[in-house]
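Asker: Sharing a structure here in structure tokens format.
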Amino acid sequence: MLPSSSSTHSAIMTLREAYTGGTLKTLVGPGVSCASGLPSWEELNARLLRAFLQREYKRIKFQLEDLKKAARVFIGSFGYEAVADLIRESVTKATPDKDQGTYNDMLRESLYDERDGTKAENDLHLELAASLGDIHPKPLHERKRILYTFNFDNLLEQALWRLFRLKAQTRYPDDEQGTQDSPAVHHLLGYLPTNGAPRGSIILSETDYHAKQAGLPNELKQLFLGKYNLTVSPDNKPVVLLVGLNPTDPRLRGVLQERRRELCSAGREAASQPRIYALLHRRPPPTEAELIERMAHDFVQEHEEPFWKAWGINVLSVESGELLPFLLRQIRLGPRCTDWAQAGRNFLSAQADRYTEHLYNGSVQRPILERLKKACAVLRQRFGVAVDEQLGLAGFVPDNKEASLLRLAFRFSNGRVNPEPITHAYAMKRSMRVTDIDKPGDAVSRAFIWGATLESSYQGSYVDKSCAAQWMDEWARERIFASLLCVPVYDSKQWVPVGVCCLYSNQRIPFWSELTALEMDELKNALQSIFARALRIRGRKGSPCMHARHPEGAEASMPDEPPWDPLLVN
């Protein structure tokens, strides 16, 4: 599941050195916003074509599937690249008095109106925004804090505001350069907000790209083809990191081809080009895939790295998109997960009222039990949990004396008639270490280190992997769950997990296995909120706050609420 080769480790260390040295330049692609419900480049063109067909034949009420079929016929004949050009030309001819206004409206609708629910910035946006924040190792006056993006949306700007209350400069083609002491998001292909006119020229097709080639690619060419004086210092040569950007994107392909021609030519000129790395999400074949499809996936996996190496691109790929932030975090904070745990402990010490030596006093644990009992009831009602399915909640935090040790902070099971508060001795018997980033151990420590939600079963390989042998007998007698869901909870300043909230069920097929993606996201946000409220973590407007959202109505019924940041409660 994780890339663990020596070449991957070497690449991460190279990127880490570039980041700490201020020479890492990150280019963000559509794949980052896809997790927030926005379309890929191909899907955006397909949506635009469907919107155009519906508008062109507005007297006919088409079903969505009919529009998709018609779009496939067109794309199969002319290609995705022709969609934007054809529609813009047709629309501007039909409404010459409105110039490109109608086309831009259709493009905006295609970009935003089919979003899955109300998802906003996701973990990748937040991890990228954290790289612009005040924790950057170089002083402000020694660096340019810029993220480059091919995306038209403003989700990176939203993520930066959410973490640090910093308003990023939004740049776009032909825009005058802003001050360098404020973080910036540079939209290389134009900016299309949810409201208002586009900013800069919107570059969607290859025609758009070549029409602007004298102007737009100044920044793009500098990223990929810039010549740097290595006689002064080899460290002057920057490193470019592609995140969520497919190298086959036709808007990128042209500059990559030019780069490849220079790489193939002899001489120092090619050696002075930036080094390029790409984080790619390798999607495994579906379980029902036929043999030929599996063989094709195996072939791609075997040849992907050498293929892009010939283009001068070093590939780091993972099988789960949830692990991309984990790789970015290693680049930003280093590969020592004990340092991340230390950052989590520092945050809890400063922000969590109950993260003290008194956590295991009965006077503290009993109110937590009451809160967890109410939380379980709300979850059962919200997600329609069957009567015979028993649920439990537990939270793990870095030990306040040894940060590399995750210990149990609270626990509740609605299968127990009279649940008792846990003691410190009991909590320490349910602890595990997070010292090895390549072998993180059980489900809880894996979720903490990876920063990714993890599911496991009672007999799953993750459950007991790092538990001490002397604890196993006692733990096994008490265990009542058949399924386990581990959700990391984040500190938004360092943007690392500060703990893990676990939901467990006595059913081998738990209720969450049947949830939609949107409902699952709501459940994760609920568990993060439950964790934060159990420990009474403070969030103040204008300062870093926990990454937690509330399911509608879930926390409203819980009294004695701590102060909370309304921006994160949605």
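The values are calculated or read from the model by the stated rules, or taken from the named source; none is laboratory data. Here the structure is a predicted model, which means the values were calculated and not measured. When we count neighbours, we look across all protein chains shown, and the Cβ atoms used for this are built from the backbone with ideal geometry, even at glycine. In case anyone asks, the SASA skips ligands and DNA or RNA and just uses the protein heavy atoms, side chains included. Shrake-Rupley method; radii C 1.70, N 1.55, O 1.52, S 1.80 Å.
Asker: Yes or no: Gly384 modelled with pLDDT of 90 or more, on the phi > 0 side of the Ramachandran plot and not acidic (Asp, Glu)?
Answerer: Here the answer is yes, as Gly384 does meet what is asked.
Asker: Considering every residue within the range 366-388, establish whether at least one is closer than 25 Å to His125 by Cβ and exposed (fewer than 15 other Cβ atoms within 10 Å of the Cβ).
Answerer: No, every residue in the range 366-388 fails to be closer than 25 Å to His125 by Cβ and exposed (fewer than 15 other Cβ atoms within 10 Å of the Cβ).
Asker: Pairs needed: first member in the range 146-161, assigned to a helix (DSSP H, G or I); second member anywhere, hydroxyl-bearing (Ser, Thr, Tyr) and buried (at least 24 other Cβ atoms within 10 Å of the Cβ); C-beta distance under 7 Å; at least 6 residues apart or different chains.
Answerer: Leu155/Ser33; Leu156/Thr149
Asker: Of (1) at pLDDT 80 or above; (2) open to solvent by less than 30 Å² (accessible area, probe 1.4 Å); (3) among the polar types (S, T, N, Q), Ser205 satisfies all except one. Which?
Answerer: Of everything listed in (1) at pLDDT 80 or above; (2) open to solvent by less than 30 Å² (accessible area, probe 1.4 Å); (3) among the polar types (S, T, N, Q), Ser205 misses just condition (1).
Asker: Another one. So which pairs qualify, if the first residue must be in the range 121-133 and assigned to a helix (DSSP H, G or I), the second must be among the polar types (S, T, N, Q) and open to solvent by 10 Å² or more (accessible area, probe 1.4 Å), the Cβ gap must be under 8 Å, and the two must be at least 6 apart or on different chains?
Answerer: Close Cβ pairs (under 8 Å, with a partner that is among the polar types (S, T, N, Q) and open to solvent by 10 Å² or more (accessible area, probe 1.4 Å)) amount to His125/Gln158; Leu128/Thr26; Ala130/Gln494.
Asker: Scan the range 369-386 for residues that are of a type in the set (D, E, K, R) and without any contact (Cβ under 8 Å) to a residue 40 or more places away in the chain and jot them down.
Answerer: Glu370, Arg380
Asker: Consider Thr423 carefully, then state whether it is among the β-branched types (Val, Ile, Thr), surrounded by fewer than 20 Cβ atoms within 10 Å (Cβ to Cβ) and out of contact with any Phe, Trp or Tyr (no Cβ under 9 Å at 6 or more places or on another chain).
Answerer: In short, no.
Asker: Is there a residue being of a type outside the set (A, V, I, L, M, F, W, C), surrounded by fewer than 17 Cβ atoms within 10 Å (Cβ to Cβ) and in a helix (DSSP H, G or I) anywhere in the range 276-285?
Answerer: no
Asker: Quick check on this structure: which one of Val73, Val83 is buried (at least 19 other Cβ atoms within 10 Å of the Cβ) and at pLDDT 75 or above?
Answerer: The match here is Val83.
Asker: When residues of the range 91-106 are filtered for being at pLDDT 80 or above and either farther than 19 Å from Arg47 by Cα or open to solvent by 30 Å² or more (accessible area, probe 1.4 Å) (or both), how many remain?
Answerer: Adding up the residues that qualify gives 1.
Residues are listed down the side, and each one gets a yes or a no for (1) among the polar types (S, T, N, Q); (2) under 30 Å from Pro238 (Cβ atoms); (3) at pLDDT 80 or above:
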| position | (1), (2), (3) |
| --- | --- |
| Thr20 | yes, yes, yes |
| Ser36 | yes, yes, yes |
| Glu42 | no, yes, yes |
| Ala46 | no, no, yes |
| Ala51 | no, no, yes |
| Gln54 | yes, no, no |
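Asker: Further question on the same structure: So which residues in the range 483-522 are assigned to a helix (DSSP H, G or I) and either open to solvent by less than 10 Å² (accessible area, probe 1.4 Å) or of a type outside the set (Gly, Ala, Ser) (or both), if there are any at all?
Answerer: Scanning the range 483-522 gives Phe511, Trp512, Glu514, Leu518, Glu519, Met520, Asp521, Glu522.
Asker: Working carefully through the options Arg253, Arg171, Arg259, find the one that is at pLDDT 70 or above and open to solvent by 30 Å² or more (accessible area, probe 1.4 Å).
Answerer: Arg253
Asker: Kindly establish whether Ala517 is within 18 Å of the chain's Cα centre (by Cα), of a type outside the set (Ser, Thr, Tyr) and at pLDDT 50 or above.
Answerer: So Ala517 passes the test.
Asker: Out of contact with any His (no Cβ under 9 Å at 6 or more places or on another chain), under 25 Å from Glu322 (Cα atoms), modelled with pLDDT of 80 or more and among the hydrophobic types (A, V, I, L, M, F, W, C) - does that describe any residue in the range 139-156?
Answerer: No: zero hits.
Asker: For the range 303-342, which positions are in a helix (DSSP H, G or I), open to solvent by 20 Å² or more (accessible area, probe 1.4 Å) and out of contact with any Pro (no Cβ under 8 Å at 6 or more places or on another chain)?
Answerer: Result: His303, Glu304, Glu305, Pro306, Phe307, Lys309, Gly321, Glu322, Leu333, Thr338, Asp339.
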